[in-house]
Each structure stands twice: as structure tokens, then as C-alpha cells.
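Trainee: Have a look at the structure that comes next, please.
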Amino acid sequence: LAWMKVANNAHTARARGTAIEQIAAQWLCQQGLTLVTQNHYVKGGELDLIMRDGDILVFVEVKHRTTARYGHPLETITYQKQQRLVRAAKLYIARGGLSSPCRFDILGIIGKPPDLDYHWVKAAFDAF
């Protein structure tokens with residue numbers, strides 16, 4: 001029975017993550033971006049949100065915490081995580097035969113819906 005609880009917690013966490021990403025996509029659309037796709041899986045990683053800001057393709061990593069008591073969600077994006085996101089983005093671009101400028105944004109969200117604080121860092125890191 002213990003494994004069922006773990007599996008259920010993982011499923012619940014995934015569902016919560018998907019819900020937050022949907023809220024994040026709506027918020028970013030209100031800021032002027034256009035949603036291309038969300039939860040895009042490629043070998044070696046997942047791209048939370050892929051959006052457009054004019055002609056720029058924007059890869060958005062969404063990080064959520066209910067409280068900043070144990071650190072801000074933006075602090076969780078390590079160099080290794082950045083490299084995984086860059087690899088995933090390169091695969092996405094290659095598979096789609098795309099040739100537009102791109103950037104990597106991070107959206108940190110703190111709180112519980114509907115009381116959320118958004119911290120959006122545009123061009124948070126470079127691909128090189």
C-alpha cells in the first residue's frame with residue numbers, strides 16, 4: 001500500500017504542476033505572449049511552456065512554491081537545469097525546422113491559487 005501512496009503523490013504533484021503551468025500560460029498571454037505549446041517532452045527533458053513574443057520563440061520554465069520560506073522558486077534553476085532546457089529547446093527547434101530568434105525565461109510563482117505572486121525573468125540565461 002505504501003507504493004500506491006507514493007504513486008498517488010507523484011500523480012497529484014504532476015496534476016498540480018500542470019494546473020500551475022496552465023495558470024502561468026494564461027498570465028503570460030495577458031502580458032502579451034502567445035502560447036505555442038505546453039508540456040513538450042523531448043529526449044532528456046520537458047519544456048514547460050513554449051511561447052512567442054513577437055517573432056521571438058520563448059522557452060519558459062515555470063517554478064512554483066506555495067511559500068518562499070525555504071527559498072524562492074527562481075533559485076531552483078541550476079546551471080545543470082539550464083543546460084537540460086537548452087538541449088531540449090535545440091531538439092524542439094531542430095525537429096520543427098525552425099529558424100527564429102529565441103530566449104529562455106523563468107517564471108517563478110509563489111502562493112496558492114488564486115492568490116499568486118508572479119516573478120518573470122526575461123532572458124534569464126543564454127544558450128551558450
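The values are calculated or read from the model by the stated rules, or taken from the named source; none is laboratory data. Only a predicted model underlies this, so the values are computations on that prediction, with no experimental measurement involved. Glycine also receives a Cβ, built like all others from the backbone with ideal geometry; neighbour counts cover every protein chain displayed. Just the protein is used for accessible areas: all its heavy atoms, side chains included, with ligands, DNA and RNA removed. Shrake-Rupley method; radii C 1.70, N 1.55, O 1.52, S 1.80 Å.
Trainee: Using a 7 Å offset from the Cα along the Cα-to-Cβ direction at both A123 and S100, what is the distance between the two label points in nm, to one decimal?
Mentor: Taking the simple label geometry, A123 and S100 are separated by 1.8 nm.
Trainee: Then there is this: Counting helices only, and only those DSSP H runs with n ≥ 4, report the 222 nm mean residue ellipticity of the chain as the sum of -39,500 (n - 2.57) divided by its residues, in deg cm²/dmol to the nearest 500. Show your work: numbers first, answer last.
Mentor: Numbers: 2 runs with 47 residues, N = 128.
Value at 222 nm, helices only, nearest 500: -13000 deg cm²/dmol.
Trainee: Taking only C-alpha pairs under 8 Å that are 6+ residues apart, what is the relative contact order of the chain in percent?
Mentor: On the way: 181 pairs, mean separation 26.5, N = 128.
Averaging sequence separation for qualifying contacts and normalising by length gives 21 percent for the chain.
Trainee: How big is segment 24-91 along each principal axis, measuring the range of its Cα positions in Å and listing the largest first?
Mentor: 37, 30, 16
Trainee: At 1.4 Å probe size, with every protein chain present, just tell me what the per residue accessible area of the chain comes to in Å². Intermediate results must be reported in sequence, preceding the final value.
Mentor: Details: 7860 Å² over 128 residues.
With all protein chains present, the chain gives 61 Å² per residue.
Trainee: Counting only protein heavy atoms, what percent of the accessible surface of segment 41-128 is carbon or sulfur at a 1.4 Å probe?
Mentor: Working: 2620 of 5060 Å².
Here it works out to 52 percent.
Trainee: For segment 1-121, give the share of DSSP beta bridges that are antiparallel, in percent and rounded to the nearest 5; count only bridges with both residues there. Mind dumping the intermediate values first?
Mentor: Numbers: 19 of 28 bridges.
Approximately 70 percent, going by the DSSP bridge assignments.
Trainee: Given that compact globular proteins tend to follow 2.2 N^0.38 Å, what is the ratio of the alpha-carbon Rg of the chain to that value? Could the numbers behind the result be given before it?
Mentor: Working: Rg = 15.1 Å, N = 128, 2.2 N^0.38 = 13.9 Å.
In units of the 2.2 N^0.38 Å rule of thumb, it is 1.09.
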